[in-house]
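Inspection log for the structure reproduced underneath, given as C-alpha coordinates.
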Amino acid sequence: MTSMILPSKYGPPALFFTNEGEGHFRCRLCPHHCRMTEGQNGLCRVRGVREGIPRALCYGVISAAHADPVEKKPLYHFFPGETVYSIGGWSCNLACFFCQNWSISQDRPAEADRVTPAQIIHAAQANRCRHLAFTYNEPLIGYEFVLDTAKLARAAGVSTILVTNGFVEEEPAAGLLPWIDALNIDIKSMEDEFYRHHCRGTLEPILKFCRQAVGQGCHVEITNLVIPTLNDRPELIRQLARWISSELGHRVPLHLSAYHPDYECKLPPTTAAILTEAVRVAREELQFVYAGNLVESAEQDTSCPQCGNVWIRRRGYQVERVGLSGIECARCRHPFEGRIGDK
Ligand code: SF4
(Lines give C-alpha, C1' and ligand atoms only; values in the text may rest on other atoms or scores of the structure.)
Protein backbone atom coordinates (compact mmCIF):
# COMPACT_ATOMS: atom_id res chain seq x y z
CA MET A 1 0.00 0.00 0.00
CA THR A 2 1.22 3.51 -0.75
CA SER A 3 1.00 6.47 1.62
CA MET A 4 -1.45 9.30 1.11
CA ILE A 5 -0.65 13.01 1.35
CA LEU A 6 -2.91 14.58 4.00
CA PRO A 7 -3.39 18.31 4.58
CA SER A 8 -1.37 18.03 7.80
CA LYS A 9 1.28 15.48 8.65
CA TYR A 10 -0.51 15.15 12.01
CA GLY A 11 -3.73 13.80 10.47
CA PRO A 12 -7.16 15.29 9.72
CA PRO A 13 -9.31 17.21 12.22
CA ALA A 14 -10.97 14.93 14.78
CA LEU A 15 -14.70 14.80 15.52
CA PHE A 16 -16.41 15.18 18.91
CA PHE A 17 -14.04 17.74 20.42
CA THR A 18 -15.33 20.78 22.31
CA ASN A 19 -13.30 24.02 22.33
CA GLU A 20 -13.09 25.09 25.98
CA GLY A 21 -11.13 28.26 25.23
CA GLU A 22 -7.55 29.41 25.82
CA GLY A 23 -6.23 26.57 23.65
CA HIS A 24 -7.93 23.78 25.58
CA PHE A 25 -10.07 21.12 23.95
CA ARG A 26 -12.11 18.26 25.41
CA CYS A 27 -12.71 14.99 23.57
CA ARG A 28 -16.18 13.51 23.97
CA LEU A 29 -15.66 10.36 21.93
CA CYS A 30 -15.31 8.07 24.94
CA PRO A 31 -16.25 8.43 28.61
CA HIS A 32 -12.72 9.51 29.62
CA HIS A 33 -13.50 13.02 28.27
CA CYS A 34 -9.80 13.91 28.04
CA ARG A 35 -8.89 17.59 28.16
CA MET A 36 -5.80 18.65 26.24
CA THR A 37 -3.88 21.54 24.78
CA GLU A 38 -1.24 22.02 22.05
CA GLY A 39 1.14 19.05 21.80
CA GLN A 40 -0.84 16.86 24.22
CA ASN A 41 -2.63 13.57 23.51
CA GLY A 42 -5.60 11.88 25.15
CA LEU A 43 -5.30 8.69 27.20
CA CYS A 44 -5.71 6.68 23.99
CA ARG A 45 -2.55 8.33 22.51
CA VAL A 46 -4.12 8.63 19.02
CA ARG A 47 -6.12 11.85 19.46
CA GLY A 48 -4.34 15.09 20.25
CA VAL A 49 -4.02 18.80 19.56
CA ARG A 50 -1.57 19.86 16.83
CA GLU A 51 -1.29 23.18 15.00
CA GLY A 52 -4.13 24.45 17.22
CA ILE A 53 -6.60 21.79 16.03
CA PRO A 54 -7.74 18.50 17.63
CA ARG A 55 -6.59 15.78 15.24
CA ALA A 56 -7.02 12.09 14.50
CA LEU A 57 -3.28 11.45 14.79
CA CYS A 58 -3.41 7.84 13.59
CA TYR A 59 -5.89 8.25 10.70
CA GLY A 60 -5.03 5.45 8.27
CA VAL A 61 -2.04 4.18 10.26
CA ILE A 62 -2.29 0.40 10.15
CA SER A 63 -0.55 -2.07 12.48
CA ALA A 64 -1.64 -5.26 10.68
CA ALA A 65 -3.74 -6.50 7.77
CA HIS A 66 -4.72 -10.15 7.21
CA ALA A 67 -7.45 -12.19 5.54
CA ASP A 68 -8.86 -14.15 8.52
CA PRO A 69 -11.75 -16.55 9.06
CA VAL A 70 -14.79 -14.70 10.46
CA GLU A 71 -14.71 -17.26 13.29
CA LYS A 72 -11.46 -15.65 14.47
CA LYS A 73 -13.16 -12.31 15.33
CA PRO A 74 -15.03 -14.28 16.87
CA LEU A 75 -18.35 -14.20 15.01
CA TYR A 76 -20.14 -17.56 14.65
CA HIS A 77 -23.52 -16.34 13.37
CA PHE A 78 -22.41 -13.82 10.75
CA PHE A 79 -21.60 -15.54 7.46
CA PRO A 80 -19.90 -18.56 9.11
CA GLY A 81 -16.92 -19.99 7.25
CA GLU A 82 -16.30 -16.81 5.22
CA THR A 83 -13.09 -14.80 5.10
CA VAL A 84 -12.78 -11.29 6.45
CA TYR A 85 -10.17 -8.70 5.50
CA SER A 86 -9.00 -7.69 8.97
CA ILE A 87 -7.08 -4.55 9.79
CA GLY A 88 -5.75 -3.13 13.02
CA GLY A 89 -4.62 0.32 14.05
CA TRP A 90 -2.77 1.24 17.21
CA SER A 91 -3.44 1.77 20.89
CA CYS A 92 -6.55 1.62 23.09
CA ASN A 93 -8.61 3.77 25.45
CA LEU A 94 -8.55 1.04 28.12
CA ALA A 95 -5.45 -0.35 29.82
CA CYS A 96 -6.22 -3.96 30.81
CA PHE A 97 -3.26 -5.48 32.65
CA PHE A 98 -4.07 -8.88 31.08
CA CYS A 99 -4.33 -7.58 27.47
CA GLN A 100 -3.88 -10.41 24.96
CA ASN A 101 -2.85 -7.96 22.21
CA TRP A 102 -0.76 -5.49 24.20
CA SER A 103 2.09 -5.01 21.70
CA ILE A 104 -0.23 -2.93 19.52
CA SER A 105 -2.87 -1.87 22.06
CA GLN A 106 -0.45 -0.15 24.44
CA ASP A 107 1.73 1.63 21.90
CA ARG A 108 1.72 3.63 18.70
CA PRO A 109 4.48 4.47 16.22
CA ALA A 110 5.93 8.00 16.26
CA GLU A 111 5.99 8.13 12.44
CA ALA A 112 4.19 5.90 9.96
CA ASP A 113 2.75 5.81 6.46
CA ARG A 114 -0.98 6.25 6.10
CA VAL A 115 -3.40 4.35 3.89
CA THR A 116 -6.68 5.67 2.53
CA PRO A 117 -10.14 4.14 2.99
CA ALA A 118 -10.20 3.43 -0.77
CA GLN A 119 -6.94 1.47 -0.50
CA ILE A 120 -8.43 -0.64 2.28
CA ILE A 121 -11.50 -1.49 0.21
CA HIS A 122 -9.35 -2.37 -2.79
CA ALA A 123 -7.17 -4.61 -0.62
CA ALA A 124 -10.26 -6.38 0.76
CA GLN A 125 -11.54 -7.02 -2.76
CA ALA A 126 -8.10 -8.12 -3.99
CA ASN A 127 -8.14 -10.69 -1.18
CA ARG A 128 -11.63 -11.82 -2.31
CA CYS A 129 -13.21 -10.70 0.96
CA ARG A 130 -16.75 -9.32 1.07
CA HIS A 131 -16.33 -8.40 4.74
CA LEU A 132 -13.95 -5.96 6.40
CA ALA A 133 -13.12 -6.06 10.12
CA PHE A 134 -11.54 -3.42 12.32
CA THR A 135 -9.85 -5.54 14.94
CA TYR A 136 -6.56 -6.27 16.78
CA ASN A 137 -6.67 -2.89 18.59
CA GLU A 138 -9.64 -0.76 19.72
CA PRO A 139 -11.22 0.60 16.52
CA LEU A 140 -13.49 3.24 18.08
CA ILE A 141 -10.56 5.52 18.98
CA GLY A 142 -9.86 5.66 15.23
CA TYR A 143 -13.45 6.83 14.71
CA GLU A 144 -12.90 9.09 11.68
CA PHE A 145 -11.02 6.47 9.67
CA VAL A 146 -13.48 3.71 10.58
CA LEU A 147 -16.45 5.91 9.60
CA ASP A 148 -14.95 7.00 6.26
CA THR A 149 -13.95 3.42 5.40
CA ALA A 150 -17.27 1.88 6.48
CA LYS A 151 -19.18 4.32 4.25
CA LEU A 152 -17.01 3.40 1.28
CA ALA A 153 -17.34 -0.29 2.11
CA ARG A 154 -21.14 -0.06 2.13
CA ALA A 155 -21.08 1.56 -1.33
CA ALA A 156 -18.79 -1.23 -2.59
CA GLY A 157 -20.98 -4.04 -1.19
CA VAL A 158 -18.47 -4.90 1.52
CA SER A 159 -19.82 -5.31 5.06
CA THR A 160 -18.04 -3.79 8.05
CA ILE A 161 -17.35 -5.55 11.35
CA LEU A 162 -16.08 -3.98 14.58
CA VAL A 163 -14.31 -5.97 17.29
CA THR A 164 -14.52 -3.53 20.15
CA ASN A 165 -14.39 -2.89 23.89
CA GLY A 166 -17.55 -0.78 23.52
CA PHE A 167 -16.18 2.06 25.67
CA VAL A 168 -17.67 4.94 23.69
CA GLU A 169 -20.20 7.71 24.17
CA GLU A 170 -23.75 7.45 22.85
CA GLU A 171 -23.66 10.31 20.32
CA PRO A 172 -20.60 9.14 18.34
CA ALA A 173 -21.90 5.58 18.47
CA ALA A 174 -25.23 6.71 17.01
CA GLY A 175 -23.38 8.28 14.08
CA LEU A 176 -21.28 5.22 13.33
CA LEU A 177 -23.58 2.24 13.92
CA PRO A 178 -25.75 2.78 10.80
CA TRP A 179 -22.62 1.95 8.77
CA ILE A 180 -21.68 -1.12 10.79
CA ASP A 181 -23.06 -4.56 9.95
CA ALA A 182 -21.75 -6.70 12.81
CA LEU A 183 -19.92 -6.30 16.09
CA ASN A 184 -18.18 -8.48 18.60
CA ILE A 185 -18.29 -6.52 21.85
CA ASP A 186 -16.11 -7.46 24.79
CA ILE A 187 -17.78 -7.50 28.20
CA LYS A 188 -14.86 -8.24 30.51
CA SER A 189 -16.88 -8.56 33.70
CA MET A 190 -20.25 -7.57 35.14
CA GLU A 191 -18.44 -5.89 38.03
CA ASP A 192 -17.76 -2.17 37.68
CA GLU A 193 -14.88 -2.58 40.15
CA PHE A 194 -13.22 -4.98 37.72
CA TYR A 195 -13.19 -2.33 35.01
CA ARG A 196 -11.99 0.38 37.42
CA HIS A 197 -9.17 -1.66 38.97
CA HIS A 198 -7.97 -3.75 36.04
CA CYS A 199 -8.88 -1.81 32.88
CA ARG A 200 -8.98 1.96 33.60
CA GLY A 201 -12.63 1.99 32.55
CA THR A 202 -16.20 1.60 33.78
CA LEU A 203 -18.90 -0.95 33.01
CA GLU A 204 -22.09 1.03 32.38
CA PRO A 205 -21.07 2.77 29.10
CA ILE A 206 -20.22 -0.63 27.65
CA LEU A 207 -23.58 -2.14 28.56
CA LYS A 208 -25.26 0.93 27.11
CA PHE A 209 -23.32 0.55 23.86
CA CYS A 210 -24.35 -3.13 23.60
CA ARG A 211 -28.02 -2.15 23.93
CA GLN A 212 -27.55 0.64 21.40
CA ALA A 213 -25.89 -1.63 18.82
CA VAL A 214 -28.69 -4.19 19.08
CA GLY A 215 -31.31 -1.40 19.09
CA GLN A 216 -29.85 0.08 15.90
CA GLY A 217 -30.19 -3.28 14.15
CA CYS A 218 -26.56 -4.46 14.07
CA HIS A 219 -25.65 -8.13 14.37
CA VAL A 220 -24.03 -8.43 17.82
CA GLU A 221 -22.06 -11.20 19.51
CA ILE A 222 -20.43 -10.87 22.94
CA THR A 223 -17.04 -12.09 24.15
CA ASN A 224 -15.94 -12.59 27.75
CA LEU A 225 -12.31 -13.48 28.44
CA VAL A 226 -12.45 -15.94 31.35
CA ILE A 227 -9.48 -15.32 33.68
CA PRO A 228 -8.95 -17.77 36.55
CA THR A 229 -9.70 -16.21 39.98
CA LEU A 230 -10.42 -12.76 38.47
CA ASN A 231 -13.79 -13.22 36.72
CA ASP A 232 -14.46 -16.97 36.44
CA ARG A 233 -16.85 -17.35 39.39
CA PRO A 234 -20.07 -19.12 38.27
CA GLU A 235 -22.25 -16.34 39.72
CA LEU A 236 -20.45 -13.78 37.52
CA ILE A 237 -20.84 -15.93 34.40
CA ARG A 238 -24.53 -16.40 35.27
CA GLN A 239 -24.97 -12.66 35.83
CA LEU A 240 -23.43 -11.90 32.44
CA ALA A 241 -25.55 -14.49 30.63
CA ARG A 242 -28.73 -13.27 32.36
CA TRP A 243 -27.99 -9.68 31.42
CA ILE A 244 -27.41 -10.60 27.77
CA SER A 245 -30.60 -12.65 27.71
CA SER A 246 -32.80 -9.98 29.29
CA GLU A 247 -31.27 -6.89 27.64
CA LEU A 248 -30.05 -8.09 24.24
CA GLY A 249 -31.94 -11.33 23.64
CA HIS A 250 -31.44 -14.98 24.57
CA ARG A 251 -30.19 -15.84 21.07
CA VAL A 252 -27.33 -13.33 21.09
CA PRO A 253 -24.18 -15.53 20.95
CA LEU A 254 -21.74 -15.46 23.87
CA HIS A 255 -18.09 -16.49 23.40
CA LEU A 256 -16.36 -17.52 26.61
CA SER A 257 -12.73 -17.31 25.72
CA ALA A 258 -9.66 -18.88 27.34
CA TYR A 259 -7.04 -16.44 28.63
CA HIS A 260 -3.27 -17.01 28.55
CA PRO A 261 -0.69 -15.08 30.64
CA ASP A 262 0.31 -11.92 28.78
CA TYR A 263 1.36 -8.30 29.30
CA GLU A 264 1.47 -7.67 33.08
CA CYS A 265 -0.73 -10.60 34.15
CA LYS A 266 1.00 -13.74 35.42
CA LEU A 267 -2.09 -15.75 36.45
CA PRO A 268 -2.12 -19.31 35.06
CA PRO A 269 -4.00 -19.94 31.78
CA THR A 270 -7.68 -20.87 31.74
CA THR A 271 -8.07 -24.65 31.76
CA ALA A 272 -10.54 -26.57 29.58
CA ALA A 273 -12.37 -27.61 32.77
CA ILE A 274 -12.91 -23.98 33.88
CA LEU A 275 -14.14 -22.98 30.44
CA THR A 276 -16.42 -26.00 30.06
CA GLU A 277 -18.04 -25.22 33.42
CA ALA A 278 -18.50 -21.57 32.43
CA VAL A 279 -20.17 -22.67 29.17
CA ARG A 280 -22.49 -25.00 31.11
CA VAL A 281 -23.56 -22.20 33.47
CA ALA A 282 -24.13 -19.67 30.65
CA ARG A 283 -26.19 -22.16 28.65
CA GLU A 284 -28.80 -22.13 31.42
CA GLU A 285 -29.65 -18.61 30.21
CA LEU A 286 -28.57 -18.38 26.55
CA GLN A 287 -29.16 -20.41 23.40
CA PHE A 288 -25.72 -20.02 21.80
CA VAL A 289 -22.66 -20.19 24.06
CA TYR A 290 -19.22 -21.08 22.71
CA ALA A 291 -15.82 -21.92 24.18
CA GLY A 292 -13.06 -19.92 22.50
CA ASN A 293 -9.27 -20.32 22.25
CA LEU A 294 -9.44 -24.08 22.81
CA VAL A 295 -8.02 -25.99 19.84
CA GLU A 296 -10.42 -28.94 19.98
CA SER A 297 -13.85 -28.52 21.54
CA ALA A 298 -17.38 -29.60 20.66
CA GLU A 299 -18.41 -26.40 22.47
CA GLN A 300 -17.67 -24.55 19.21
CA ASP A 301 -20.42 -26.24 17.19
CA THR A 302 -23.68 -24.47 16.31
CA SER A 303 -26.87 -26.51 16.71
CA CYS A 304 -30.50 -25.93 15.80
CA PRO A 305 -32.33 -24.38 18.79
CA GLN A 306 -35.50 -26.22 17.79
CA CYS A 307 -34.41 -29.83 17.14
CA GLY A 308 -30.74 -29.96 18.27
CA ASN A 309 -29.39 -30.94 14.83
CA VAL A 310 -25.73 -29.83 14.50
CA TRP A 311 -25.73 -27.12 11.81
CA ILE A 312 -22.06 -26.16 11.78
CA ARG A 313 -19.11 -28.18 13.05
CA ARG A 314 -15.98 -26.24 14.04
CA ARG A 315 -12.62 -27.65 14.98
CA GLY A 316 -10.25 -24.76 15.48
CA TYR A 317 -10.81 -22.64 12.37
CA GLN A 318 -11.99 -25.60 10.27
CA VAL A 319 -15.65 -24.86 9.62
CA GLU A 320 -18.03 -27.39 8.08
CA ARG A 321 -21.74 -26.97 7.32
CA VAL A 322 -23.21 -30.34 8.19
CA GLY A 323 -26.88 -29.86 9.08
CA LEU A 324 -28.11 -26.97 6.99
CA SER A 325 -30.04 -27.04 3.78
CA GLY A 326 -29.41 -23.59 2.30
CA ILE A 327 -30.23 -21.20 5.11
CA GLU A 328 -32.45 -23.52 7.16
CA CYS A 329 -32.15 -26.64 9.31
CA ALA A 330 -31.92 -29.72 7.12
CA ARG A 331 -34.00 -31.67 9.66
CA CYS A 332 -36.77 -29.33 10.91
CA ARG A 333 -36.53 -26.30 8.54
CA HIS A 334 -35.87 -23.84 11.39
CA PRO A 335 -34.11 -20.81 9.83
CA PHE A 336 -30.45 -20.17 10.64
CA GLU A 337 -30.13 -17.76 13.56
CA GLY A 338 -28.03 -14.86 12.25
CA ARG A 339 -26.79 -14.14 8.75
CA ILE A 340 -25.45 -16.77 6.37
CA GLY A 341 -24.76 -17.24 2.66
CA ASP A 342 -27.10 -19.77 0.99
CA LYS A 343 -24.49 -22.13 -0.47
S1 SF4 B 1 -11.14 8.78 22.69
FE2 SF4 B 1 -9.06 9.10 23.48
S3 SF4 B 1 -8.82 11.32 23.63
FE4 SF4 B 1 -11.01 10.91 23.42
S5 SF4 B 1 -11.79 10.83 25.52
FE6 SF4 B 1 -11.29 8.72 24.93
S7 SF4 B 1 -9.19 8.35 25.60
FE8 SF4 B 1 -9.55 10.58 25.64
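The values are calculated or read from the model by the stated rules, or taken from the named source; none is laboratory data. Only a predicted model underlies this, so the values are computations on that prediction, with no experimental measurement involved. Cβ atoms come from the backbone with ideal geometry, glycine included; neighbour counts cover every protein chain shown. Just the protein is used for accessible areas: all its heavy atoms, side chains included, with ligands, DNA and RNA removed. Shrake-Rupley method; radii C 1.70, N 1.55, O 1.52, S 1.80 Å.
Screening residue 49 on (1) over 20 Å from residue 160 (Cα atoms); (2) open to solvent by 30 Å² or more (accessible area, probe 1.4 Å); (3) β-branched (Val, Ile, Thr) shows it passes everything except condition (2). When the residues of the range 191-236 are filtered to those that are of a type in the set (Asp, Glu) and at pLDDT 95 or above, which remaining residue is farthest from the chain's Cα centre (by Cα)? The selected residue is 235.
Against the definition (within 16 Å of the ligand (Cβ to nearest atom), touching a Pro at 6+ places or on another chain (Cβ under 7 Å), at positive phi and of a type outside the set (Gly, Ala, Ser)), how does residue 16 come out, yes or no? It is true that residue 16 is within 16 Å of the ligand (Cβ to nearest atom), touching a Pro at 6+ places or on another chain (Cβ under 7 Å), at positive phi and of a type outside the set (Gly, Ala, Ser).
Pairing each residue of the range 142-168 that is among the acidic types (Asp, Glu) with any residue that is open to solvent by 10 Å² or more (accessible area, probe 1.4 Å) and within 13 Å of the ligand (Cβ to nearest atom), provided the two are 6+ apart or on different chains, yields C-beta distances under 8 Å for 144/14; 144/15. Exactly one residue out of 286, 267 is at pLDDT 95 or above, in a loop (DSSP other than H, G, I, E, B) and farther than 17 Å from residue 320 by Cα: that is 286. Answer yes or no: is there a residue in the range 293-314 that is at positive phi, part of a loop (DSSP other than H, G, I, E, B) and touching a residue at least 40 places away in the same chain (Cβ under 8 Å). Looking for residues that are at positive phi, part of a loop (DSSP other than H, G, I, E, B) and touching a residue at least 40 places away in the same chain (Cβ under 8 Å), one finds none in the range 293-314, hence no. Select from the range 28-58 the residues that are over 21 Å from residue 105 (Cβ atoms), within 16 Å of the ligand (Cβ to nearest atom) and part of a loop (DSSP other than H, G, I, E, B) and list them in ascending order. Correct list: 28, 37, 38, 39. Restricted to the range 59-157, the set of helices (runs of 4 or more DSSP H) holding at least 1 residues that are charged (D, E, K, R) and within 16 Å of the ligand (Cβ to nearest atom) comprises 143-155. Taking first residues from the range 210-222 that are touching a residue at least 40 places away in the same chain (Cβ under 8 Å) and partners that are open to solvent by 50 Å² or more (accessible area, probe 1.4 Å) and acidic (Asp, Glu), the Cβ contacts under 7 Å between residues at least 6 apart in sequence or on separate chains come to 212/170.
Take residue 35 and decide whether it is of a type in the set (D, E, K, R), more than 30 Å from residue 293 (Cβ to Cβ) and without any contact (Cβ under 8 Å) to a residue 40 or more places away in the chain.
It is true that residue 35 is of a type in the set (D, E, K, R), more than 30 Å from residue 293 (Cβ to Cβ) and without any contact (Cβ under 8 Å) to a residue 40 or more places away in the chain.
Looking only at the range 299-336, count every residue that is touching a His at 6+ places or on another chain (Cβ under 6 Å) and open to solvent by less than 60 Å² (accessible area, probe 1.4 Å) and tell me the total. Counting residues in the range 299-336 that are touching a His at 6+ places or on another chain (Cβ under 6 Å) and open to solvent by less than 60 Å² (accessible area, probe 1.4 Å) gives 1.
Beta carbons closer than 6 Å, at least 6 apart along the sequence or on distinct chains, pair a first residue in the range 234-247 that is under 16 Å from residue 191 (Cβ atoms) with a second that is modelled with pLDDT of 95 or more and in a helix (DSSP H, G or I) for 234/281; 237/278; 237/281; 237/282; 238/281; 241/282.
When you scan the range 254-263, do you find a residue that is of a type in the set (Asp, Glu) and within 22 Å of the chain's Cα centre (by Cα), even just one? Checking the range 254-263: at least one residue is of a type in the set (Asp, Glu) and within 22 Å of the chain's Cα centre (by Cα).
Among what's in the range 181-200 and is open to solvent by less than 10 Å² (accessible area, probe 1.4 Å) and assigned to a loop (DSSP other than H, G, I, E, B), pick the residue that is nearest to residue 78 (Cα to Cα). Talk me through it step by step, then tell me what you get.
From the range 181-200, those open to solvent by less than 10 Å² (accessible area, probe 1.4 Å) are 182-185, 187, 189, 194-195, 199; that's our starting set.
Within this subset, residues satisfying the condition of being assigned to a loop (DSSP other than H, G, I, E, B) are 187, 189, 199.
Values: 187: 19, 189: 24, 199: 29 Å.
It comes out as 187.
You will find that of 221, 264, 235, 277, the residue that is of a type in the set (Asp, Glu) and touching a Lys or Arg at 6+ places or on another chain (Cβ under 9 Å) is 221 and no other.
For the structure I just gave you, tell me whether residue 216 is farther than 27 Å from residue 138 by Cα and either among the charged types (D, E, K, R) or open to solvent by 40 Å² or more (accessible area, probe 1.4 Å) (or both).
no
For the range 158-180, the tally of residues that are in a loop (DSSP other than H, G, I, E, B), surrounded by fewer than 21 Cβ atoms within 10 Å (Cβ to Cβ) and out of contact with any Lys or Arg (no Cβ under 7 Å at 6 or more places or on another chain) stands at 0.
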